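Report on the following structure.
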Amino acid sequence: MKQLKERGLREILIVISDELSGIEEAIKEEFPQADWQLCNLHFTKTILSKVRQRDRAEVAEDLKQIYKSKNQTEAKGKAESFIQKWRSKYPKVAEKVKRRVENLTKFLKYPEAIKRYIYTNNMLERVIKEIRRRTKVIEVVWGEGSL
């Protein structure tokens, strides 16, 4: 974040990322007005990896209800329902949702037209992957008998 600022970046409204160690603090230090949106898809994958196979579909659906909220207040209510429902069976999962609900729902305060683009960083990751694929240098080795 410091390097981005030194290179001339002046304002960031929202950063969407995985739960990288220190990212939230770095954003707040260099761009205190910026929101940090935790990537919902990566968060969901992490949560589901800590849940028994037979409960995964139901847990995923309950998380989706949080993300489908109209605003952050509604999302917090749905998160509380999630926590109450799953606390006894998966206490660490419930605690993680409780700790991160604010960062999972920052996108809800933005205009409807852009919400679907900023709840996850997967679209950006896909674009970067495609750019790398298309710009990758293809090495051609000329062997004996060529030409």
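Just so it is clear, none of the values below were taken in a lab; they were calculated from the coordinates. Worth saying up front: this structure is predicted, and the values here are computed from it rather than measured. Because the Cβ atoms are built from the backbone with ideal geometry, glycine has one as well, and the counts that use them run over all protein chains shown.
Under 5 Å between amide hydrogens, which residues at least 5 positions from I16 or on another chain qualify, with H placed 1.01 Å from N in the peptide plane?
Q37
List, largest first, the extents of the alpha carbons of the chain along their principal axes, each in whole Å.
Taking max minus min along each principal axis of the Cα atoms, the chain gives 71, 44, 30 Å.
Using only Cα atoms, tell me the angle between helix 91-104 and the longest principal axis of the chain; keep it within 0 to 90° and round to the nearest 10.
The answer is roughly 70 degrees.
Please compute the length gained on full extension between Q3 and Q53, using 0.36 nm multiplied by the number of residues separating them and subtracting their Cα-Cα distance.
Numbers: separation 50, 0.36 × 50 = 18.00 nm, distance 4.23 nm.
Value of the extension gain: 13.8 nm.
From the phi of every residue in region 63-68, what ³J(HN,Hα) in whole Hz does the Karplus formula 6.51 cos²θ - 1.76 cosθ + 1.60 yield, where θ is phi - 60° and glycine or proline is x?
Couplings: 5, 4, 5, 5, 5, 7 Hz.
Given R₀ = 25 Å, FRET efficiency for E102-R132 by Cβ-Cβ distance, to 0.05?
0.15
Cα-based Rg (one decimal) and Dmax (whole number) for region 1-42, in Å?
In order Rg, Dmax, the Cα atoms of region 1-42 give 10.3, 31 Å.
Take the Cβ-Cβ distance between K85 and I114 as r, set R0 to 35 Å, and report the resulting FRET efficiency rounded to the nearest 0.05.
Details: r = 31 Å, r/R0 = 0.88.
Calculated value: 0.70.
For K68 and R10, what is the calculated FRET efficiency with R₀ set at 35 Å and r taken between the beta-carbons, to the nearest 0.05?
Once rounded, the FRET efficiency stands at 0.55.
Just name one of A26, A75, L104: the one whose Cα is farthest towards the positive end of the charge dipole of the chain (beta-carbon charges, Lys/Arg +1, Asp/Glu -1).
My answer, from the dipole projection, is A75.
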